[in-house]
């Protein structure tokens, strides 16, 4: 499996829209180590991405005790915690989600995942209605 991310992840996703086969084996999807802060703020995240017509599935494995940065994106996100656990910060709310939990993040909702004490595997599902730009992370202005 490849460990090199595409040069431009968003252009790659756009090029894959509508090309999905009816059945895909996860083992056939390249594994990438992501270091681009526009894609992940967790150090050493590994990712596999499948692209449909209006949805993107991403399986990520994130290092224990890592913490992202608060961000938002126009795309709606649903995350299923497959292994491990996270502390989800969404607005003023903070909740723990362990393996088996589903986390729903509406589009444009500021959120952050804090990985708990063990490596954590998450299946993320993102909507893409008009453009892959909906997937791009945006960072709120710091409050004074």
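Brief remarks on what is shown
The rows are residues; the columns are (1) at pLDDT below 95; (2) over 22 Å from residue 131 (Cα atoms); (3) surrounded by 14 or more Cβ atoms within 10 Å (Cβ to Cβ).
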residue: 2; (1), (2), (3): yes, yes, no
residue: 6; (1), (2), (3): yes, no, yes
residue: 18; (1), (2), (3): yes, no, no
residue: 28; (1), (2), (3): yes, yes, no
residue: 36; (1), (2), (3): yes, no, no
residue: 52; (1), (2), (3): no, no, yes
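- Qualifying residue in region 8-15 (condition: surrounded by 12 or more Cβ atoms within 10 Å (Cβ to Cβ), within 26 Å of residue 140 (Cα to Cα), at pLDDT below 95 and in contact with a strand residue (DSSP E or B) (Cβ under 6 Å, 6 or more places away or on another chain)): yes
- Test result for residue 94, touching a strand residue (DSSP E or B) at 6+ places or on another chain (Cβ under 8 Å), surrounded by fewer than 18 Cβ atoms within 10 Å (Cβ to Cβ) and over 19 Å from residue 17 (Cβ atoms): yes
- Residue check for residue 110: surrounded by 17 or more Cβ atoms within 10 Å (Cβ to Cβ) and modelled with pLDDT of 95 or more: no
- The lone exception for residue 76 - which of (1) surrounded by 15 or more Cβ atoms within 10 Å (Cβ to Cβ); (2) in contact with a strand residue (DSSP E or B) (Cβ under 7 Å, 6 or more places away or on another chain); (3) closer than 23 Å to residue 8 by Cα; (4) in contact (Cβ under 8 Å) with a residue 60 or more places away in the chain it fails: (4)
The values are calculated or read from the model by the stated rules, or taken from the named source; none is laboratory data. On a predicted model such as this, the values are computed, not experimentally measured, just so you know. All Cβ positions, even for glycine, are placed from backbone atoms using ideal geometry, and neighbour counts span all protein chains on display.
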